[in-house]
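The values are calculated or read from the model by the stated rules, or taken from the named source; none is laboratory data. Everything numeric in this text was worked out from a predicted model, so none of it was measured. Ideal geometry is used to build each Cβ from the backbone, glycine not excepted, and the neighbour counts take in all protein chains shown.
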Amino acid sequence: MRHVFFSRRACVRLGVVALAFSGALERAMAGAWTLGDGEGQIIVSTAFSDSTRAFDAKGRVLPVADWRKFELGFHIEYGINDAITLIANPMIDAVTATGPPAGAFRGIESVELGARARFATWGDVVFSAQALAKIPGSKNLTNPALWGNEAYEAEGRLLAGYSFRLFDVAFFADGEIAWAARNGGNPGEARLDLTLGFRPFEKAQVLLQSFNAETTGKGNFLYPAQRWSKAQPSIVYDFADGWSAQAGLFTTIAAVNARRERGGLLAVWKKF
């Protein structure tokens, strides 16, 4: 959300970067890597978070009215060739803000549509660019549970991924920088997302992720300048051929004028 103390950057934006490695590193399922021609993946994720604390303009933690959110997200990708992957991200939310001001929302929060294109490789390093357009599910400006999420958004993103082995363990690192423009007086955002993944066992991989954002411009009373950093560790387990399950936690570790979110996520991945 974009008003004092509220921040609704989705933690399950997956931005769940992950690799399907089995011993040796294989093709990435998200992040800087693109899918192969005719390959696809679907990630169905759920997340629950609540917040009774917020960071003020000086980064101090203060008590605030309760805010709760449940998300059901669908991350769908399909490779039209080896270099271009199409993306669709529908998101369903149930949000309750006790206020004041109070509000609630149940329904389609947004749909993101776009593509990621690999434009260069250098050894085991992959470089790509991504563009997404976000369409809001509701444009109700009077509902506090929707503030900041009733806007259309266009995001451009540069991504770099590196796969390597260390002590005979498969690792990958993914870094992404992005800038998002929003309509309706909402401030834009500069974003930095980082992921380190490794596979300690044949069927399990660990993801350590950091999601960071800062609003652009000076801000105002309705849309103050904000900054936040979130950490998200998770484990992905390959339980069948082409199927994986993910479980993790996330929390806001530092922020300015944003809520402190804490929650958990569960997801099921399917490659096809």
Within the range 132-143, residues being surrounded by fewer than 15 Cβ atoms within 10 Å (Cβ to Cβ) and part of a strand (DSSP E or B) number 2
For the range 95-127, give me each residue that is closer than 30 Å to R165 by Cβ, among the aliphatic types (A, V, I, L, M) and surrounded by 12 or more Cβ atoms within 10 Å (Cβ to Cβ). A117, V125, V126
F70 vs. criteria at pLDDT below 95 and part of a strand (DSSP E or B): yes
May I ask you to say which residue of A88, A54 is part of a strand (DSSP E or B), closer than 23 Å to R182 by Cβ and in contact (Cβ under 8 Å) with a residue 60 or more places away in the chain? A54
If S110 satisfies every condition in (1) assigned to a strand (DSSP E or B); (2) more than 16 Å from the chain's Cα centre (by Cα); (3) hydroxyl-bearing (S, T, Y) but one, which is the exception? (2)
Select from the range 185-197 the residues that are assigned to a loop (DSSP other than H, G, I, E, B) and touching a residue at least 40 places away in the same chain (Cβ under 8 Å) and list them in ascending order. N186, P187
Take the range 188-205 and flag every residue that is surrounded by 15 or more Cβ atoms within 10 Å (Cβ to Cβ) and either in contact with a Pro (Cβ under 8 Å, 6 or more places away or on another chain) or among the basic types (K, R) (or both). R191, R199
Residues of the range 144-180 classified as part of a loop (DSSP other than H, G, I, E, B) and either acidic (D, E) or surrounded by fewer than 18 Cβ atoms within 10 Å (Cβ to Cβ) (or both), total: 4
The condition from (1) loosely packed, with under 14 Cβ neighbours inside 10 Å; (2) touching a Pro at 6+ places or on another chain (Cβ under 9 Å); (3) at negative phi that F272 misses is numbered (2)
